[in-house]
1. Identify, from the list B:L194, B:L177, B:L140, B:L183, the residue that is on the phi < 0 side of the Ramachandran plot and in contact with an Asp or Glu (Cβ under 9 Å, 6 or more places away or on another chain).
2. Pairs needed: first member in the range B:106-120, facing chain A (nearest Cβ under 10 Å); second member anywhere, of a type in the set (F, W, Y); C-beta distance under 8 Å; at least 6 residues apart or different chains.
3. For the range B:98-125, which residues satisfy the criterion of being of a type in the set (G, A, S) and surrounded by fewer than 20 Cβ atoms within 10 Å (Cβ to Cβ)?
4. Taking the range B:48-68 as the search range and keeping residues that are in contact with a Lys or Arg (Cβ under 8 Å, 6 or more places away or on another chain) and not aliphatic (A, V, I, L, M), which one is nearest to B:S96 (Cα to Cα)?
5. Among the residues of the range B:250-304, write down those that are touching a Phe, Trp or Tyr at 6+ places or on another chain (Cβ under 7 Å), within 30 Å of B:E41 (Cβ to Cβ) and of a type in the set (G, A, S).
6. With (1) in a helix (DSSP H, G or I); (2) more than 19 Å from the chain's Cα centre (by Cα); (3) closer than 18 Å to B:A38 by Cβ as the list, and B:S250 as the residue in question, which single condition is left unmet?
7. So is B:P15 surrounded by fewer than 23 Cβ atoms within 10 Å (Cβ to Cβ) and free of Cβ contacts under 8 Å to residues at least 40 places away in the same chain or not?
8. With the requirement that a residue be outside any helix (DSSP H, G or I) and at pLDDT 85 or above, what does the range A:1-19 give you?
Amino acid sequence: MRAPEDNSTPDVEKGRKARSRMIALGLILFILTVYAVTILRIGGNIWDRP
Amino acid sequence: MSQAVPTSAAAGPGPYFALLKPRVMSLVIFTALVGMVAAVEAGASLHPGLAVVSLAAIAVGAGASGALNMWWDADIDRVMARTATRPIPQGQVPPSEAAGFGLLLSGLSVALLALASNYVAAFWLAFTIFFYVVVYSMWLKRTTPQNIVIGGAAGALPPVVAWAAISGTAPVEAWILFAIIFLWTPPHFWALALYREGDYARAGVPMMPNVAGEASTRRQIFAYSIALVAAGVAPFAAGFGGYAYLAASSAFGAGLLMLAWRVLTAPARSKDAAKQLFAFSILYLFALFAALLVEDLWSLYARA
């Protein structure tokens, strides 16, 4: 069996944080994009409700 | 001095971005943009914000297929000089993560395109990813020297996807743009293969020069170049390319044919002509699509 990787070095920590930030940024961007697309698709109809 | 390559645990987001093949993505964005603008010029319309999101979705879909291609081809990428520095052979990204990353982005890009434009465009994007990953990478690439001829369809589809994103259909004009990129692929990649022959042979990839020999490849490059130059003037004949496009297409087409002729008549084992054709083929494709883009933008500006 392969030995577990050493996760405690500063380089590993830095890399993990950078990847986590990018995932967070990607998720936020995706959510905002879907929100904006929804609003644009609804268009003027957003005011047309009972 | 060589820089130390970080291991997968220490790597930042850079290697994941490299998995998306940014250079290929930029070409996809460009050809898709031309497809979109041509569709608008032809009378279709989509909110500019939705068009931007659709273009981004097409780019991400192309990047996702690049990541899946690198996952599948990691073993041969390792032995080819041109691809040995990719993130998986370098140990910066584990293969399983590349596969997961590619699959996730494939799903998200198709869903986003369906949401921002329509299901026709989403279908063609999904088909493009499937064709590049399953038909080209998994099936054709290692089994036939016609790999890049048939597989070239995947690289040629972005203008069709983009046209469909704007208009909801894929008319004949979109398929003419497809034909130009489709016919461009063999002379472009076989020129590369002529001077990187050893690379492909080492990896066991049956590229045309390794299988049919140099002389046959050169003849086929010339034949495809004639077909490409003929297809290159088709937008003018079909009425969606103007005189500026015709002039660009004819001038660059003449240059391409001249270089293809030099490849055909070059002494055996000479690589220079192939290198020149490879470089010029990129310029040729860019010039044709740029001419179409400028003409369409000018026409839309004049109409406004």
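The values are calculated or read from the model by the stated rules, or taken from the named source; none is laboratory data. Please read all numbers here as calculations on a predicted model, not as lab measurements. Heads up, the Cβs are rebuilt from the backbone with ideal geometry, glycines too, and the neighbour counts pull from every protein chain shown.
1. Every option except B:L194 fails the conditions.
2. Sorted first by the residue in the range B:106-120, then by its partner, the pairs are B:L108/A:F30; B:L112/A:F30.
3. Once the filter is applied, which keeps residues that are of a type in the set (G, A, S) and surrounded by fewer than 20 Cβ atoms within 10 Å (Cβ to Cβ), the range B:98-125 yields B:A99, B:G100, B:G107, B:A111, B:A114.
4. B:G66
5. Within the range B:250-304, B:G255, B:S281, B:A287, B:A291 meet the criteria.
6. Here B:S250 clears every test but (3).
7. In short, no.
8. A:T9
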